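Participant: Here it is: the structure, laid out below.
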Amino acid sequence: MKRVLLASLGVLTVATVILHRTLPAERSAVPVITWVTDDDQVRHDTVALFGRWLAENRLPPVDLRIDLRDNTPTGPSKALIQGVSGVADDLTDVYMNQLEPFQKAGILLDVTDIARARGFGAALTYPAVRSDLEVMGRQYGFPRAVDSALLWVNRATFARYGIAEPPSRWNWDQFEEIGLRFVAAANPPGSRQRVFFLNRVWLPLLRRGLGLSTFNETMTRCTLDDPRNVEVLRRAYRWTVTDRLLPTQAEQYALVSDATGFDSSFSLFASGRFAMIYEGLWALIRLHPRGEFQLRVVEPFTGGFPNVEVGSGAVCVYAGSPHPELACLFLQFLASRPFNLLVARSGDSMPPLPSYARTDDFLHPPHHPGEAGVQEFFADTTRDCGIAASRSPFILPNEVFRIDREEFEEVLAGRASPEEGARVAAARINAGIALNLAAEPGLRRLYRERCDVQERIAERRAAGRPVPANWISDPFHLAYYRARGWLDKGGVP
Amino acid sequence: MGTATPTTEPSAPRSRGLGLHGLITLLSLGMMAPFAWMALASLKSLAEVGDPGWMPAAGFHWGNYAEVFRVIPFLRFVANSLVIAGWVTLLQVFTSALAAFSFARLDWPGRDRVFFLYLGTMMLPGLVMLIANYQIMVRLGLVDTYLGLVLPASFSAFGTFLLRQFMLGIPRALDEAAEIDGASKWRIFWDVILPLSRPGLVTLAIFTFMGNYQSFFWPLVMMKTVDKYTLPVGLLFFDTDHGQATHLLMAAVTMSVAPLIVLFVLLQRQLIRGIQLGAVKG
Amino acid sequence: MKVQSARRRCLVGVAFLLPNIAGFCAFTLIPLALSFMMAFTDWDFLRRNVFRHDPLQWVGLGNFTRLLVDTQFWRDLGNTCFLMIGLPFAIAGSLGAALLLNRIGGRRCRTGPALAAATLVLAASGLVLLRGGMPETGVWFLFGVLAATVLLAGVLTRGSVYRTLFYLPHFTAGVATYVLWKKLYHPTSGPINLALNPLLDQVSSAVRFMPGLFSIGLPLAGAAGALTLVAWHLLRLRRRWDDSEAGISAIVTGSLGPAIPLGFLLARLGLPGAASAAVALAAAALAAALISRRPRPWGPKCAADAGLGLEVALALALIPLLAILLACVVIGPSLPARAQAGFEAPDWLGDYGSAKPALMIMAMWAAIGSNNMILYLAGLSNIPQELYEAADMDGASPRQRFWNITWPQLAPVTFFIAVMGVIEGLQGGFEMARTMTAGGPAGSTTTLSYFVYTEGFETGRLGYAAAVAWVLFALVFVLSLLNFRYGNRNAND
């Protein structure tokens, strides 16, 4: 035994030395900055292009390296734990619902001033994307890509069952009607259902269709207990459980190695098991390895007010980065012409600068004839109906998302009526707001101010008078008020 | 098993032997079925993984295995995992043996109280200590180092508990004899108790190695450099690079299980003996 | 032998302990103390970290009082406890597996020939498969070959190969197992439901054919089974009381066991919750009173808590069994109506009711051949052969041999496994929930450790998460203490 212990000590020592020796060189002649992102071809092209761009602009060289992003549900936790401990990467991709917790933790560098000086301010990109970059008026990043989720239509699937494709703009009654016919045609009676009409619905979008947001105009209170949300939950329940237009979650989750279930919907869509999927333009990245398809995109159906949710993949600078200057150079590069052309030519997301989404490179990519018109439809819809997600400064959006999902599941499981689900979700989110207010004195002042504004909005609305735009902080309410002509054209009171 | 005392209940008639074999074979198939599915799925193409069938209908895609090596530095990850788990195992076995010797063989005031404190900490969920432990790692500058994965896992109450119970079962006469001969405590430990504890040490080694080879969350938050990733963390590459490449994931998992099976087959005799000699007598 | 001073003995003892205790202090004790302090603060790592320095506030018992009214916490505690019901069955499974393997263990094992034979057979069948293409029927061929190989190797190695095979689930513990089972549980394409569905079709046609048999017969059979089980249990209790093997607390526990399913049955049949609980408790009290008022004229007096450990274990095993039988009573009458539509196999992970049992089945599969089985195997080979020989002389039946020799001799092992099982069970479920269900559907698989994770690492409220963790610790501690107090004594009897 003694010999075994000593021998393994020796073996391990040798092995460790070898492992250390074979590590890639830690030091580099030029400064190294790391970027947490997905590890794919476009990103590698981006890194190479960044090097050329630096050289062309006579800037000092930087060694930019990609660090793998963890896309499983633990990913954000990893980034946060490393971030708050002072050891995160210089640049990081930040997606939906992550900006606020990261910003709140103070781990993102405030780039407002440097962006203004170097020309990558938030005003350059889509207005709907600004809330992905800014918190309380301060800018924390620049988008790498802009995207919005629409409904992808697999034309071959519709043709196979002899069902007419949906129109480009439609409402949820049409969705139900076509969906019922489709599901009946695609699934022979007496057998278990294998083909579905759509992979998932996005509740905030359906609510917006009825003029309801997750929060009130000033985002001081959650409004999910509204009867309109009850109607949305009732419909979603009917589509999933009664009419079986949508699969249950388990039916989607079963194939993938984490619980998000994204990827299985692409294979099911490709094989005709889902007639439509609700995804962004990036779906092309996942669809292309699976073959060539005849594809169309249509607007998501709503109960009245047409809208799509715009999101972005932003790149942010770590507040603890040893090279903040160099990291900001990369953000500057994201606003440059070469990079925007690169994204436009990739065809799987929209370039950060809106003008490049009108270029021929983007609108008419040469390689996939079955996808003609897809990019153009994305560009047009994003411009015309795109609205940012609603995120309140008084509660973290990931918490809101989790509560909303959990209560929706309660409804789908038949454990709560739609009324109950709506009421409990609102109560839980409002309790979360109260908890944050109790913990953070700094928030309370803003909250009181906003509550005053909310009262004044209510007064004006009751009196039938228009409301000044800068009173409204919820992006959806702003767009909705504008569309309804409820905004005060006059300006600031 | 060769060295195990055979305690088959002797009255079982011979003719039932084959039936028993048959029954156990059926149960073994139940245990193997998920692995069979995994191995078969690792030979499918991406498009096929979602199909309900078990067999790769379009022929075996042996290329998946080569693809694993192309997509991730698989051998590097395996080597990292093996070396880290190896160090943890070695340190844990050695320090636990020392501590167990102290608890089982040396009389000192307050000994049992300290021992129960040890036991109590086994009951605390590891997640609570994660943040505090992480702060310690940051202070010590151990984030993104091998040492940062090895050190916190190397001192366990479980190992001390297991080995203490084991050493209690070794007859006292042996070390008393050595003591009369004038051997120091260290000599007694190193020359008498340690060799006699061999099966217990092997048992602890296997349990530790298995557990550590598969640990996920701590390496995930600790490591930043890809070349230092352990295998379970490295498998995340299949969730991003090519979408969710379930077929490659299955190929990688199939390959990652192999060293463990070899280890177990080699050491299972020691393992059984290790526990059987009294390690778990409450 | 020289006499050493207490001081010197202490020094030597501590010196041996030093390497372990130093690491133990650094990486267990200090974090432990920190987390204990955290539980009494409002520490939120989003507000207090390297970059933000909001003042830390002591909230005293605030976190704990908040926990008391947190419905999520109670739900997750309930889920965790529910999942623990599988523990006695998992232990019984390990014991069964160990007994089976032990019976077959031979003296000599011919590993070399076995390996050679297995390799040959597998290689040959692999060639056949490659030549013959991959039809779906190939899987039966494959399993046939596997079975033959296992059998051959088993006979050649006298059973030691089975040990490795039974231990297989342990090798892929973690993510791989979960992905696998997610696939197996897939509601439409998973092998489990593919096998179940034809079976269920048979059953539903049988029910349609003879509705009376099922609507009346099944409840009767269920009731009869439940009554028999309860009667057997109570008679056994009485005998143990008479034999002075069980004290009053064991009798009370034993009577409570069957009362719990009874309470649920009454509530299900329409009685108000409080009333059914009262009736069930009254029944338990009556049973306990009837048993314990019997005089014990002979035999020794026994302590009030004698035999408690065994009764707790038996009650835990009895509850699910009774629940299944009573479920027959409840659903029996409605069966013919349901059969008209045909029975559907469960949507395992997607359905609120079946997600937890699905996870339990998986955990049991993994537990049967785990370390527990190895521990039992070792325990079995430790039993002195003379005991069995003596029993044979007395003409003991196999059942008597098991209950009078094997089971008591294995008591220390069972005790160890139970303690570790409780510790792991109460702390577990995080990886499983993260990978398989994300805690859903409707939170039915969210365990306490997952709750700690979401509270601590997603919303950042470490103080609260630490409080939950310490409550969890208290729970584990109390259970282990009880186990030590009562289980251990029983084990040493």
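The values are calculated or read from the model by the stated rules, or taken from the named source; none is laboratory data. Predicted model, so just to flag it, every value in this text is computed and none were measured. Cβ: placed from backbone, ideal geometry, glycine included. Neighbour counts: every protein chain shown.
Participant: Out of the residues in segment B:112-135 that are of a type in the set (Val, Ile, Thr) and at the interface with chain C (Cβ under 7 Å from one of its Cβ atoms), which is surrounded by the most Cβ atoms within 10 Å (Cβ to Cβ)? Reasoning before the result, please.
Facilitator: Filtering segment B:112-135 for residues of a type in the set (Val, Ile, Thr) gives B:114, B:121, B:128, B:131.
Then keep just the ones that are at the interface with chain C (Cβ under 7 Å from one of its Cβ atoms); that gives B:121, B:128, B:131.
Values: B:121: 16, B:128: 28, B:131: 24.
Once the filter is applied, the top-ranked residue is B:128.
Participant: Looking at this structure, is residue C:228 assigned to a helix (DSSP H, G or I), β-branched (Val, Ile, Thr), without any contact (Cβ under 8 Å) to a residue 12 or more places away in the chain and under 26 Å from residue C:82 (Cα atoms)?
Facilitator: Working: assigned to a helix (DSSP H, G or I): yes; β-branched (Val, Ile, Thr): yes; without any contact (Cβ under 8 Å) to a residue 12 or more places away in the chain: yes; under 26 Å from residue C:82 (Cα atoms): yes.
It is true that residue C:228 is assigned to a helix (DSSP H, G or I), β-branched (Val, Ile, Thr), without any contact (Cβ under 8 Å) to a residue 12 or more places away in the chain and under 26 Å from residue C:82 (Cα atoms).
Participant: Moving to a separate point now. Report whether or not residue C:82 is surrounded by fewer than 20 Cβ atoms within 10 Å (Cβ to Cβ), under 30 Å from residue C:419 (Cβ atoms) and modelled with pLDDT of 90 or more.
Facilitator: On the way: surrounded by fewer than 20 Cβ atoms within 10 Å (Cβ to Cβ): yes; under 30 Å from residue C:419 (Cβ atoms): yes; modelled with pLDDT of 90 or more: no.
For residue C:82, the condition - surrounded by fewer than 20 Cβ atoms within 10 Å (Cβ to Cβ), under 30 Å from residue C:419 (Cβ atoms) and modelled with pLDDT of 90 or more - is not met.
Participant: Taking segment B:160-209 as the region of interest, how many residues are closer than 29 Å to residue B:234 by Cβ and facing another protein chain (nearest Cβ under 7 Å)?
Facilitator: 1
Here is a yes/no grid of residues against (1) buried (at least 17 other Cβ atoms within 10 Å of the Cβ); (2) under 28 Å from residue A:419 (Cα atoms); (3) in contact with a Pro (Cβ under 7 Å, 6 or more places away or on another chain):
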site	(1), (2), (3)
A:125	yes, no, yes
A:160	no, no, no
A:170	yes, yes, no
A:176	yes, yes, no
A:179	yes, yes, no
A:186	yes, no, no
A:197	yes, yes, no
A:207	yes, yes, no
A:233	yes, yes, yes
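Participant: Within segment A:380-391, can one find any residue that is at the interface with chain C (Cβ under 10 Å from one of its Cβ atoms) and at negative phi? Lay out the reasoning, then the answer.
Facilitator: Restricting attention to segment A:380-391, the residues satisfying the condition of being at the interface with chain C (Cβ under 10 Å from one of its Cβ atoms) are none.
No, because not a single residue in segment A:380-391 is at the interface with chain C (Cβ under 10 Å from one of its Cβ atoms) and at negative phi.
Participant: Suppose the filter is crowded, with 18+ Cβ neighbours inside 10 Å, more than 13 Å from every other protein chain (Cβ to nearest Cβ) and small (Gly, Ala, Ser); does residue C:97 pass it? Explain how you work it out, then say what you get.
Facilitator: Working: crowded, with 18+ Cβ neighbours inside 10 Å: yes; more than 13 Å from every other protein chain (Cβ to nearest Cβ): no; small (Gly, Ala, Ser): yes.
No: the conditions fail for residue C:97.
Participant: Just to be sure I understand, how many residues within segment C:41-65 are in contact (Cβ under 8 Å) with a residue 12 or more places away in the chain and loosely packed, with under 15 Cβ neighbours inside 10 Å? Show your work before the answer.
Facilitator: Residues of segment C:41-65 that are in contact (Cβ under 8 Å) with a residue 12 or more places away in the chain, as a first pass: C:41-47, C:56-64.
Subsequent filtering for residues that are loosely packed, with under 15 Cβ neighbours inside 10 Å retains C:57-58, C:60-61.
Here the count works out to 4.
Participant: Looking only at segment C:409-444, which residues are charged (D, E, K, R) and touching a residue at least 12 places away in the same chain (Cβ under 8 Å)? Give the steps one after another, and end with the answer.
Facilitator: Applying the first criterion (charged (D, E, K, R)) to segment C:409-444 yields C:424, C:431, C:434.
If the condition is that a residue be charged (D, E, K, R) and touching a residue at least 12 places away in the same chain (Cβ under 8 Å), then C:431, C:434 are the ones that fit.
Participant: Any chance segment A:347-360 includes a residue that's of a type outside the set (Phe, Trp, Tyr) and modelled with pLDDT under 85?
Facilitator: In the first step, residues of segment A:347-360 are kept if they are of a type outside the set (Phe, Trp, Tyr); the result is A:347-355, A:357-360.
Still in the list and also modelled with pLDDT under 85: A:347-348.
Yes, segment A:347-360 contains at least one residue that is of a type outside the set (Phe, Trp, Tyr) and modelled with pLDDT under 85.
Participant: Please find, among C:465, C:433, C:469, the residue that is surrounded by 24 or more Cβ atoms within 10 Å (Cβ to Cβ) and either under 17 Å from the mean Cα position of the chain (by Cα) or not in a helix (DSSP H, G or I) (or both). If you could, list the steps in order and put the result at the bottom.
Facilitator: Numbers: C:465 fails: either under 17 Å from the mean Cα position of the chain (by Cα) or not in a helix (DSSP H, G or I) (or both); C:469 fails: either under 17 Å from the mean Cα position of the chain (by Cα) or not in a helix (DSSP H, G or I) (or both).
The conditions single out C:433.
Participant: Here is a list of conditions, (1) crowded, with 19+ Cβ neighbours inside 10 Å; (2) at pLDDT 90 or above; (3) touching a Pro at 6+ places or on another chain (Cβ under 9 Å), and residue A:302 meets all of them except one; can you say which number that is?
Facilitator: Just one mismatch for residue A:302, condition (3).
Participant: Report the residue count in segment A:150-194 for those that are part of a helix (DSSP H, G or I), closer than 18 Å to residue A:265 by Cβ and free of Cβ contacts under 8 Å to residues at least 60 places away in the same chain. Reasoning before the result, please.
Facilitator: Of all residues in segment A:150-194, those part of a helix (DSSP H, G or I) come to A:155-160, A:172-186.
Subsequent filtering for residues that are closer than 18 Å to residue A:265 by Cβ retains A:155-158, A:175, A:179, A:182-183, A:186.
Among the residues that remain, those that are also free of Cβ contacts under 8 Å to residues at least 60 places away in the same chain are: none.
Selection size over segment A:150-194: 0.
Participant: Exactly one condition in (1) more than 21 Å from residue A:136 (Cα to Cα); (2) under 20 Å from the mean Cα position of the chain (by Cα); (3) in a loop (DSSP other than H, G, I, E, B) is false for residue A:322; which is it?
Facilitator: Among (1) more than 21 Å from residue A:136 (Cα to Cα); (2) under 20 Å from the mean Cα position of the chain (by Cα); (3) in a loop (DSSP other than H, G, I, E, B), the lone unmet condition for residue A:322 is (2).
Participant: For segment A:435-460, name all the residues that are over 22 Å from residue A:204 (Cβ atoms) and either within 12 Å of chain C (Cβ to nearest Cβ) or touching a strand residue (DSSP E or B) at 6+ places or on another chain (Cβ under 7 Å) (or both).
Facilitator: First, pick out the residues of segment A:435-460 that are over 22 Å from residue A:204 (Cβ atoms): A:435, A:437-449, A:451-453, A:455-456, A:458-460.
Residues satisfying the conditions are A:435, A:438, A:439, A:440, A:441, A:442, A:443, A:460.
Participant: Looking only at residues in segment B:136-157 that are more than 8 Å from every other protein chain (Cβ to nearest Cβ) and surrounded by fewer than 19 Cβ atoms within 10 Å (Cβ to Cβ), which one is modelled with the highest pLDDT?
Facilitator: Ranking the candidates gives B:147 first.
Participant: Would you check if residue B:138 is outside any loop (DSSP other than H, G, I, E, B), without any contact (Cβ under 8 Å) to a residue 60 or more places away in the chain and over 25 Å from residue A:5 (Cα atoms)? Explain how you work it out, then say what you get.
Facilitator: Numbers: outside any loop (DSSP other than H, G, I, E, B): yes; without any contact (Cβ under 8 Å) to a residue 60 or more places away in the chain: yes; over 25 Å from residue A:5 (Cα atoms): yes.
Yes; evaluated as a whole, the condition is true for this residue.
Participant: A follow-up question, please. Among the listed residues C:23, C:13, which satisfies the condition of being at the interface with chain B (Cβ under 8 Å from one of its Cβ atoms), crowded, with 17+ Cβ neighbours inside 10 Å and touching an Asp or Glu at 6+ places or on another chain (Cβ under 9 Å)?
Facilitator: C:13
Participant: Could I ask something else about it? Going through C:375, C:322 one at a time, which residue ends up being surrounded by 21 or more Cβ atoms within 10 Å (Cβ to Cβ) and outside the structural domain of residue C:432 (by TED's automatic domain parsing)? Break it down into steps so the answer makes sense when it comes.
Facilitator: Numbers: C:375 fails: outside the structural domain of residue C:432 (by TED's automatic domain parsing).
Unique residue meeting the criteria: C:322.
Participant: Restricting attention to segment C:37-53, which residues are facing chain B (nearest Cβ under 9 Å) and closer than 27 Å to residue B:150 by Cβ?
Facilitator: Matches in segment C:37-53: C:38, C:45, C:50.
Participant: Another question, then. Helices (runs of 4 or more DSSP H) wholly in segment C:316-430 with at least 2 residues that are within 14 Å of chain A (Cβ to nearest Cβ), over 22 Å from the mean Cα position of the chain (by Cα) and not charged (D, E, K, R) - which ones?
Facilitator: On the way: elements: C:335-341, C:352-368, C:371-382, C:385-393, C:398-401, C:407-427.
By residue number, C:335-341.
Participant: Considering only strands (runs of 3 or more DSSP E) fully contained in segment A:2-95, which possess at least 1 residues that are among the aliphatic types (A, V, I, L, M) and surrounded by fewer than 20 Cβ atoms within 10 Å (Cβ to Cβ)?
Facilitator: Once the strands (runs of 3 or more DSSP E) in segment A:2-95 are filtered for at least 1 residues that are among the aliphatic types (A, V, I, L, M) and surrounded by fewer than 20 Cβ atoms within 10 Å (Cβ to Cβ), what remains is A:32-37, A:63-68.
Participant: Next up: So how many residues does segment A:1-53 have that are of a type in the set (Gly, Ala, Ser) and farther than 29 Å from residue A:75 by Cβ?
Facilitator: If we filter segment A:1-53 for residues that are of a type in the set (Gly, Ala, Ser), which is where we start, we get A:7-8, A:10, A:15, A:25, A:28-29, A:48, A:51.
If we keep only those that are farther than 29 Å from residue A:75 by Cβ too, we end up with A:7-8, A:10, A:15, A:29.
So the answer is 5.
Participant: Which is outside any helix (DSSP H, G or I), modelled with pLDDT of 80 or more and facing another protein chain (nearest Cβ under 7 Å), of B:52, B:109, B:6, B:56? Before you say what the answer is, go through the steps one by one.
Facilitator: On the way: B:52 fails: modelled with pLDDT of 80 or more; B:6 fails: modelled with pLDDT of 80 or more; B:56 fails: modelled with pLDDT of 80 or more.
Only one candidate passes the filter, namely B:109.
Participant: Follow-up question, since we're still on this one. Could you check how many residues of segment B:215-240 are β-branched (Val, Ile, Thr), more than 7 Å from chain A (Cβ to nearest Cβ) and crowded, with 21+ Cβ neighbours inside 10 Å? Step through it out loud before you land on a result.
Facilitator: Here is the first cut: in segment B:215-240, the ones β-branched (Val, Ile, Thr) are B:221, B:225-226, B:230, B:233, B:240.
Adding the requirement that they be more than 7 Å from chain A (Cβ to nearest Cβ) leaves B:225, B:230, B:233.
Remaining after also requiring crowded, with 21+ Cβ neighbours inside 10 Å: B:230, B:233.
Total meeting the criteria: 2.
Participant: Now for a different question. What's the number of the condition residue B:95 fails, among (1) at pLDDT 80 or above; (2) within 9 Å of chain C (Cβ to nearest Cβ); (3) more than 22 Å from the chain's Cα centre (by Cα)?
Facilitator: Going through (1) at pLDDT 80 or above; (2) within 9 Å of chain C (Cβ to nearest Cβ); (3) more than 22 Å from the chain's Cα centre (by Cα) one by one, residue B:95 breaks only (3).
Participant: Filter segment B:186-232 down to the residues that are among the aliphatic types (A, V, I, L, M) and over 16 Å from the mean Cα position of the chain (by Cα) and list them by number. Spell out how you get there, then give the answer.
Facilitator: Keep residues of segment B:186-232 that are among the aliphatic types (A, V, I, L, M), which gives B:188, B:192-194, B:196, B:201-202, B:204-206, B:210, B:220-223, B:226, B:231.
Matches in segment B:186-232: B:188, B:192, B:193, B:194, B:196, B:220, B:221, B:222, B:223, B:226.
Participant: All but one of (1) free of Cβ contacts under 8 Å to residues at least 24 places away in the same chain; (2) within 21 Å of residue A:399 (Cβ to Cβ); (3) not hydrophobic (A, V, I, L, M, F, W, C) hold for residue A:474; which doesn't?
Facilitator: Of (1) free of Cβ contacts under 8 Å to residues at least 24 places away in the same chain; (2) within 21 Å of residue A:399 (Cβ to Cβ); (3) not hydrophobic (A, V, I, L, M, F, W, C), only one is false for residue A:474: (1).
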